[in-house]
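The values are calculated or read from the model by the stated rules, or taken from the named source; none is laboratory data. Predicted model, so just to flag it, every value in this text is computed and none were measured. Cβ placement follows ideal geometry from the backbone for every residue including glycine, while neighbour counts extend to all protein chains displayed.
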Amino acid sequence: MNPSFRSVIHITCGDYKTGHCCLAKLNHALTETPQTLTEALKWPFCVGETQKLVLAALADRIREEKLGKPTFDGDVCEFVKQAPSLGIKNLDGPAIRPKAEDAIAELETLRTKGK
């Protein structure tokens, strides 16, 4: 499952100087599926507070979709240990990136909405 360009940007956004993530932008992205959120954890900017938010959203999605009872409590190493039993796949593979065409289309949509 490919994360959308918008989701990747929202999940990985942050203030590079302070490390604070943009909570308002994360709001939309955190409604993604457990597999998409797992892919987001692989991105290099998904660290610190952003990683905690993604892990919390991931636990919520897993509970909502009745995939199991996650007990990783925001610990990415514990999540990796539990992921197979929760139905999460492709942990060993690299992050799935959005297709360039999709990213360009989303950027164009965002650009035209701002006018």
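Would you point out the residue of the stretch 78-89, among those that are of a type outside the set (A, V, I, L, M) and surrounded by 15 or more Cβ atoms within 10 Å (Cβ to Cβ), that is farthest from the chain's Cα centre (by Cα)?
Q82
Yes/no matrix, rows are residues, columns are (1) part of a helix (DSSP H, G or I); (2) touching a strand residue (DSSP E or B) at 6+ places or on another chain (Cβ under 6 Å); (3) of a type outside the set (D, E):
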position	(1), (2), (3)
T36	yes, no, yes
E39	yes, no, no
L58	yes, no, yes
I62	yes, no, yes
Q82	yes, no, yes
S85	yes, no, yes
L91	no, no, yes
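What are the residue pairs meeting all of these: first residue in the stretch 87-99, first residue more than 16 Å from I62 (Cβ to Cβ), second residue loosely packed, with under 12 Cβ neighbours inside 10 Å, Cβ atoms under 9 Å, and 6 or more apart or on different chains?
From residues that are more than 16 Å from I62 (Cβ to Cβ), the pairs are A95/P44.
So which of D102, D92, D75 is surrounded by 13 or more Cβ atoms within 10 Å (Cβ to Cβ) and at pLDDT 85 or above?
D75
Evaluate the following for L67: is it within 15 Å of P34 (Cα to Cα) and surrounded by 12 or more Cβ atoms within 10 Å (Cβ to Cβ)?
Yes: the conditions hold for L67.
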